[in-house]
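Chemist: Sharing a structure with you now.
The values are calculated or read from the model by the stated rules, or taken from the named source; none is laboratory data. The structure presented is a predicted model; accordingly, all values stated were derived computationally and were not measured. For neighbour counting, all protein chains shown are included, and Cβ atoms are generated from backbone atoms with ideal geometry for every residue, glycine included. Each accessible area value is taken on the protein alone, full model and side chains, heavy atoms only, with ligands, DNA and RNA left out. Shrake-Rupley method; radii C 1.70, N 1.55, O 1.52, S 1.80 Å.
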Amino acid sequence: MGTLTRRSLLKSGLAAVGAGTVAMMGRPSSAEAATTQKVGKAQTFDAVIVGAGCAGLACAIEVHDQGGKPVVLEKMGRPSGNAIFALGSVCVTGTRLQKEQGIDDDSVEQFYQDMMKVSLQRGDPELTRFYAENSAEAFHWLVDKIGVKFKKIIKAPYPRFGRIHRIDGEGITGGGMLIRKLLAAAKARGIPVLYHTKAVELLTNLKMEVTGVRALTPEGLKDFNAKGGVLIASGGFSANREMLTMYMGGWAANLATRGSPYVTGENIALTKPLYAQLVHMDQFHGGPIVAATHVNPADILNAGYGIIVSMQGQRVIDEASTYVAKAKTLPRVTKENRAFQICDSNSKNPQLAGMIKKYTHLNSPFYQAETLEELAKLTDIPAEALIKTVNEYNDALKNNAPAQLNPPNTLKTPYAVETAPYYAFPFEGGMTATFGGPKINVRAEVVNTEQQTIPGLYAAGNAAGGLFYNDYIGGCQLGGATIFGRVAAKEMVARSKKA
Ligand SMILES: Cc1cc2nc3c(=O)[nH]c(=O)nc-3n(C[C@H](O)[C@H](O)[C@H](O)COP(=O)(O)OP(=O)(O)OC[C@H]3O[C@@H](n4cnc5c(N)ncnc54)[C@H](O)[C@@H]3O)c2cc1C
């Protein structure tokens, strides 16, 4: 592999791709991302890792620490996957931090049961148990080996409880900070991270064992041989509309992308030719988002105040449903996949001031008016329809019958929309991450359609299928990427030693 310089990348026109999109998300500094990368003459590694996200970098570091020689191939000019968008919650149990804070009302068994419940008992039980059993160790590895700092735990309702360990982003997203720390740890170990190097094909021998990766580099196609194996850590397919349509239906393809525009389904494209068993392909995590500015309005939607109206001025969703359900429903019940959270100035609303601050800070349009007529004008909602909807809602509350509305409002304590000024916060339904991909076992080996493992092929993080179904306990995705990325590392080093 030759030398990749900032200049050659700029010449190829690739360095600028996506710069704007990830600007606010705490991506690694350009100095970290664009340092000259040398791989030397060797083209054979113990492990070839596709994708410099959480799973890929954790794997590379573990390969190195187990005595192996890894290489990370990253198609963009810097880590550009979902990890840098992540808030930075890591869901684990049995940690030192929990002990220090006197949190002792949880167990691995309870964690396992809750994960299975959230997945409607359809998450792979073995992967789920492995996660629950190894979560504390992964957390301590992040702290002790990688130097990740975590904030004080704040207890939350079911199913998070005292399990959410939030990374201190120090001004950027927790996920962005995690990637910075992982990159720094990789750099300190001399691990090559090759940017603008896109895996386009898996190499196999005559037994169809995976022996390496063919990648497109600025100099052209190059082969990277892997003695121990290849880890697919390229994220999911949330930004690939064709795959979303194929596996979930057109409505899902209309969701806004909450995360990276560069997680485009290479987990499927690379592994399908080897007959990898693709599982949970119609499953994903959704959430509300303002697509243009990446403001996350979940807090105001969860606050329990106000109503959700379409561009036509009709209520379209039960305001009591979860933010995930709201996001997943919106593209089905509106043509535009867009609605407004309409709030009044009820002084009890705990999220109103914070949301005004957030939209303002991130330069994301929201609307404030002294009357509903004025609000309608600002938002382009037909005034007559908006006023009628608000009146119907307030009347239903007076008659104690909000559940009779269509759609029903089943908030335990609904509040009338009656105190000026009125606010309208626009949002769209969005996709956070896809859950589907090649099925893995607890050794992170990819399983084929005949339930056999594909020798030399591993997957982890959003690239892998099996762990999540329906929903996930916040923080389990970064946790899963770390746990199974490192498992794959140990397997690949062991396999390489035997080769
Ligand atoms: C808004 C948002 C908030 C979130 N918050 C949390 C949270 O708080 N806690 C949590 O647990 N999870 C959270 N998540 C989910 C979490 O970010 C992901 O699960 C996690 O980042 C997955 O990591 P990964 O390593 O699998 O993939 P990614 O971080 O997506 O990285 C994949 C990498 O592979 C590269 N790549 C893709 N194809 C190729 C190819 N062919 N060749 C080379 N490179 C390639 C991409 O460019 C990218 O850099 C959040 C997600 C979003 C969108």
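Chemist: What's the number of the only condition in (1) buried (at least 24 other Cβ atoms within 10 Å of the Cβ); (2) farther than 19 Å from Pro273 by Cα that Ala464 fails to meet?
Modeler: Against the list (1) buried (at least 24 other Cβ atoms within 10 Å of the Cβ); (2) farther than 19 Å from Pro273 by Cα, Ala464 comes up short only on (2).
Chemist: Does Met76 fit the bill of being outside any helix (DSSP H, G or I) and on the phi < 0 side of the Ramachandran plot?
Modeler: Yes.
Chemist: Same structure again: Within the range 456-486, take every residue that is farther than 20 Å from Arg160 by Cα and not in a helix (DSSP H, G or I) and give me the one that is farthest from the ligand (Cβ to nearest atom).
Modeler: Gly456
Chemist: In addition: Are any residues in the range 52-101 without any contact (Cβ under 8 Å) to a residue 60 or more places away in the chain and among the small types (Gly, Ala, Ser), and if so, which ones?
Modeler: Scanning the range 52-101 gives a single hit, Gly94.
Chemist: Looking only at the range 40-89, which residues are among the acidic types (Asp, Glu) and within 6 Å of the ligand (Cβ to nearest atom)?
Modeler: Listed by number, the list holds a single entry, Glu74.
Chemist: Tell me yes or no: at least one residue of the range 173-193 is within 13 Å of the ligand (Cβ to nearest atom), open to solvent by 20 Å² or more (accessible area, probe 1.4 Å) and modelled with pLDDT under 95.
Modeler: yes
Chemist: Continuing with this model, one more query. Please identify the pairs in which a residue from the range 241-269 that is under 16 Å from Val324 (Cα atoms) has its Cβ atom under 6 Å from the Cβ atom of a residue that is more than 15 Å from the ligand (Cβ to nearest atom) and open to solvent by less than 20 Å² (accessible area, probe 1.4 Å), counting only partners at least 6 apart or on another chain.
Modeler: Pairs found: Trp251/Pro331; Asn254/Pro331; Asn254/Asn337; Leu255/Pro331.
Chemist: Moving on. Restricting to the range 357-375, count the residues that are among the polar types (S, T, N, Q), assigned to a loop (DSSP other than H, G, I, E, B) and more than 13 Å from His294 (Cα to Cα).
Modeler: Number of matching residues: 1.
Chemist: Check the range 480-498 and report whether any residue there is under 16 Å from the mean Cα position of the chain (by Cα), open to solvent by less than 10 Å² (accessible area, probe 1.4 Å), more than 26 Å from Lys151 (Cβ to Cβ) and at pLDDT 95 or above.
Modeler: The answer is no; no qualifying residue exists.
Chemist: So in the range 252-275, with the set limited to residues that are over 20 Å from the mean Cα position of the chain (by Cα) and open to solvent by 50 Å² or more (accessible area, probe 1.4 Å), which one is farthest from the ligand (Cβ to nearest atom)?
Modeler: My answer is Tyr275.
Chemist: Say whether the condition of being of a type outside the set (Phe, Trp, Tyr), open to solvent by 20 Å² or more (accessible area, probe 1.4 Å), out of contact with any Phe, Trp or Tyr (no Cβ under 9 Å at 6 or more places or on another chain) and within 22 Å of Pro414 (Cβ to Cβ) is met by at least one residue in the range 369-380.
Modeler: Checking the range 369-380: not a single residue is of a type outside the set (Phe, Trp, Tyr), open to solvent by 20 Å² or more (accessible area, probe 1.4 Å), out of contact with any Phe, Trp or Tyr (no Cβ under 9 Å at 6 or more places or on another chain) and within 22 Å of Pro414 (Cβ to Cβ).
Chemist: A further question follows. Would you please name the residue that is nearest to Thr264 (Cα to Cα), looking only at residues in the range 411-439 that are open to solvent by 10 Å² or more (accessible area, probe 1.4 Å) and part of a strand (DSSP E or B)?
Modeler: Of everything passing the filter in the range 411-439, Thr432 is nearest to Thr264 (Cα to Cα).
Chemist: Separate question: So if I check each of Lys152, Lys117, which one is in the same structural domain as Ala444 (by TED's automatic domain parsing), in contact with a Leu (Cβ under 9 Å, 6 or more places away or on another chain), in contact (Cβ under 8 Å) with a residue 24 or more places away in the chain and over 27 Å from Pro79 (Cβ atoms)?
Modeler: Lys152
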